[in-house]
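Structure record follows, encoded as structure tokens.
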Amino acid sequence: MIVDTEAAFITEAVRQTFVAAGATWPPEAGPVPLDSIIGAFNLAHDEVSGLTRAVAAAYLARWNIERPELLRDGTTPLAGFLFANADGGYILVRRDDQLPRRRFSAAHELGHYRLHFRPASFDVPEAACILMDDGLETIRDHDGDNSDQQQMSLAEMERQANRFAAELLMPENLCRSLWEHYAKRFGPTARFIVHHLASDLLVSREAARWRLRQLGLIPPE
């Protein structure tokens, strides 16, 4: 049997995130209280119209954080943005997006923070910081050109942040219990169950379908 070590690592990171935030793990009902979980890590969570790197730079400048590198290619639309250091930080999401997408973007950025900046196994130097931004793309397992080691590294981080967001917003126990509940009510018709699970957990149908496929509850395309 092949063991997905990354999945186990991310599930444990999500569990630790819930516990550190004082939230019940595994959660017994949805939707997951994302705002309170993010706030537990001293991260401000804000929605910004027309989010780009330049807009994020202007937002940070209001708090005397100067990041001139954000002005390069500053007009590319972003779904989410993260800046954090040892004292806390900011998660920004594109206000123009629908609520499920905004929640996933915020959870994705929290994933970068928890997985790539502040894992529980070590302390972060006081001067260290992380700055990440994510374009308007769809949820997927992989991205990038495998021939380029730097892009592979970024692709791995993006994949892990996506998997963290999926596990955080759609915990396996909730997905399985909701699947069982709605399968008894409607029969194992994927489109009905995807619709209701997405509504219950405040995620997009695309994300709900992706998660149920990942868990083997609905067949792959």
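For the chain, go through all pairs of different Cα atoms, get the mean of 1/r, take its inverse, and jot down that Kirkwood value in Å.
18.1 Å
Within the chain, what percent of beta bridges assigned by DSSP are antiparallel, to the nearest 5?
Close to 70 percent.
Mind pulling the angle between the C-alpha long axis of helix 5-20 and the longest principal axis of the chain? Nearest 10 degrees, somewhere in 0 to 90.
Between helix and principal axis, roughly 70 degrees.
Which distance in Å, rounded to a whole number, links the C-alpha centroids of region 20-79 and region 182-212?
27 Å
Angle check, please: helix 205-214 long axis (alpha carbons) against the longest principal axis of the chain (alpha carbons), in degrees 0 to 90, nearest 10.
Tilt of helix 205-214: around 70 degrees.
Could you work out [θ]222 nm for the chain from helices alone, using -39500 (n - 2.57) per DSSP H run of at least four and dividing by all its residues? Round to the nearest 500 deg cm²/dmol.
Theoretical 222 nm ellipticity from helices: -15500 deg cm²/dmol.
Output ³J(HN,Hα) for region 154-159: one whole-Hz value per residue in order, computed from phi by the Karplus curve 6.51 cos²θ - 1.76 cosθ + 1.60 with θ = phi - 60°, and x for Gly and Pro.
5, 4, 5, 4, 5, 4
Using packing as a proxy for protection, rank 78-86, 154-162, 105-113 so that the peptide with the highest average count of other Cβ atoms within 10 Å comes first. Walk me through the intermediate numbers first.
Details: 78-86: 23.0, 154-162: 19.0, 105-113: 26.8.
Highest to lowest by the protection proxy: 105-113, 78-86, 154-162.
Restricting to Cα pairs below 8 Å that are 6+ residues apart, what does the relative contact order work out to for the chain? Please round to a whole percent.
Numbers: 312 pairs, mean separation 45.9, N = 221.
Value for the chain: 21 percent.
All of the numbers you see were taken from the coordinates with simple rules; none came from a lab. Remember, predicted model here, so these are calculated numbers, not experimental data. A quick note on method: Cβ atoms are made from the backbone with ideal geometry, for glycine too, and the neighbour counts reach across all protein chains shown.
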